[in-house]
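First comes the structure, then the notes that go with it.
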Amino acid sequence: MDRFDISIIGGGVIGLAVARTLSTDLRFANKSFVILEQEAQFGQHISSRNSEVIHAGIYYPEDSLKARLCVRGKALLYDYCQKHDIAHKRCGKLIVASDKERDALLALQQQALRNGVSDLELLTAADVRQREPDIKCDLALFSPSSGIVDSHQLMATLLHESEAAGALFARQTRVSGIEFTGKEFLIDTVNTAESGAENYRFASAAIVNCAGLFADKVLAMFDGADQSRLSTTQRPAIHFCKGDYFSYTGAARLNHLVYPMPEANTVGLGIHATIDLGGGIRFGPDAEYVESLDYDIDARKKTTFANAIRRYLPSIKEDDLQPAYSGIRPKLSAAGEAARDFVLLNAAGYELGTDNSRVIHLMGIESPGLTSSLALAEMLADRLSLE
Ligand SMILES: Cc1cc2nc3c(=O)[nH]c(=O)nc-3n(C[C@H](O)[C@H](O)[C@H](O)COP(=O)(O)OP(=O)(O)OC[C@H]3O[C@@H](n4cnc5c(N)ncnc54)[C@H](O)[C@@H]3O)c2cc1C
């Protein structure tokens, strides 16, 4: 039977960042790695369906993994992009508010400070007009360290580095079951390219679950392994929360990312404007809990989008908006529940705490996961044990 030291389930930005970081870390020298991805290409799900924003780390509760990994991940990501010539831009971001939202905006600035983000500037309406003539607001926070990145190029580079360090990328390979022999894990996979293809089974000493929207399904595969003690009701479940995007074809131009104040329940950051590396503008995502994986866009949402955007871009017309794409957030909180942090679990499904583990499940890696990817991988390298 084939054997790998470390199996990484999922070839999105998180799995690829973990593969790249572990395979180039001297502590894992001479170890063998496989990345198991059910699709024909890397990053077909959450990682290619997001805003591609490098977040500063403003919104999240202090000391949360989201806050710490976002701030550290931002620095690592800018360095990585520069070193590997990955297209990116430190374009900065405006969080725009009305006079009525002043206190909430100032509270955001304090939150950012507690998270170690000390470069936010408070701008007047006139300051904003100078930077963005088409934007209307009473005041704003400017975040100079926010930016954008070409996520496809980022993932391609992470994969290239992992493969150069000896990792195997097994595409069209879906993990379908996991057994524990008492010594090692036996992983069953199905070839998704051919119907009725035979299972391929191999052994692995350690496993990192980076399956994104399906991380809870992979966690459930450990039920058969005798380490799994946490009951299904105690175990975190992933809830799908969809966001649609519309591209903009109107005459206004933007130089910065423009965000409204975040939604009160923090399900999403509000329908914001992102610019892409070619200067194009898109709006989104909204937030809607859904039952199934369906990336269709509801074109009827145009009116709701235009109304939300008009608050900061008064010239917007419904006809300026065209359905673009959608993405799905892997939320640990169900509709109406309080926002949750990223969670790391051990084989048995318990929160990792201070122990190291040879199985680590990464759960609820929603935004700012892209920004945090290299920091999360760095943390994994400290926490993954082969014994
Ligand atoms: C609408 C939206 C906007 C966002 N905007 C931003 C942003 O601007 N900035 C930011 O920092 N973050 C953002 N994020 C978050 C960021 O995109 C995610 O945190 C990140 O992409 C998650 O990557 P992942 O690798 O965990 O998931 P994925 O990219 O989904 O990768 C998981 C992979 O696992 C594979 N897989 C699943 N089950 C199996 C199995 N059994 N066998 C084999 N393979 C399997 C899947 O096919 C998939 O390719 C956003 C997310 C959404 C949804």
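A short reminder: the numbers here are calculations on the coordinates, not readings from a lab. It should be emphasised that the depicted structure is a prediction, and the values quoted were computed from it without experimental measurement. When we count neighbours, we look across all protein chains shown, and the Cβ atoms used for this are built from the backbone with ideal geometry, even at glycine.
Computed over neighbours whose Cβ is under 9 Å from that of Ala125, the net charge equals 0, Lys and Arg +1, Asp and Glu -1.
Shape class of segment 64-168 from the alpha-carbon gyration tensor: prolate, with a/c at 1.5 or above and a/b greater than b/c.
Computed over the alpha carbons of the chain, Rg followed by Dmax gives 21.3, 68 Å. Placing R0 at 41 angstrom, the Cβ-Cβ distance between Arg311 and Val343 gives a FRET efficiency of 0.75 after rounding to 0.05. Only Lys, Arg, Asp and Glu carry charge here, each on its Cβ (+1 for the first two, -1 for the last two); on that basis segment 33-88 has a dipole of about 140 debye about its Cα centre.
Extending 7 Å from Cα along the Cβ direction at Ala193 and again at Ala75 yields two label points whose distance is 4.3 nm. Here segment 309-348 is treated with +1 on each Lys and Arg Cβ and -1 on each Asp and Glu Cβ, and its dipole about the Cα centre works out to around 100 debye. Extension gain for Arg171 to Lys217 (0.36 nm times residue separation, less C-alpha to C-alpha distance): 14.7 nm. Taking a straight Cα-Cα cut-off under 13 Å and skipping sequence neighbours fewer than 8 places away in the same chain, the aspartates and glutamates within cross-link reach of Lys183 are Asp5, Asp226, Glu387. List, in the order given, every pair from Lys136/Lys302; Lys66/Lys242; Lys89/Lys136; Lys31/Lys331 whose Cα-Cα distance in the structure shown is over 22 Å. Violating the 22 Å limit, Cα to Cα: Lys89/Lys136; Lys31/Lys331.
Between Arg131 and Asp382, the FRET efficiency estimated from the beta carbon spacing at R0 = 41 angstrom works out to 0.50.
Estimated purely from DSSP H runs of n ≥ 4, each contributing -39500 (n - 2.57), the mean residue ellipticity at 222 nm for the chain is -7500 deg cm²/dmol once divided by its residues. DSSP beta bridges fully contained in the chain are about 70 percent antiparallel. How much net charge surrounds Gly270 when only the other residues with a Cβ under 10 Å from the Cβ of Gly270 are counted, with Lys and Arg +1 and Asp and Glu -1? Residues near Gly270 contribute -1 overall.
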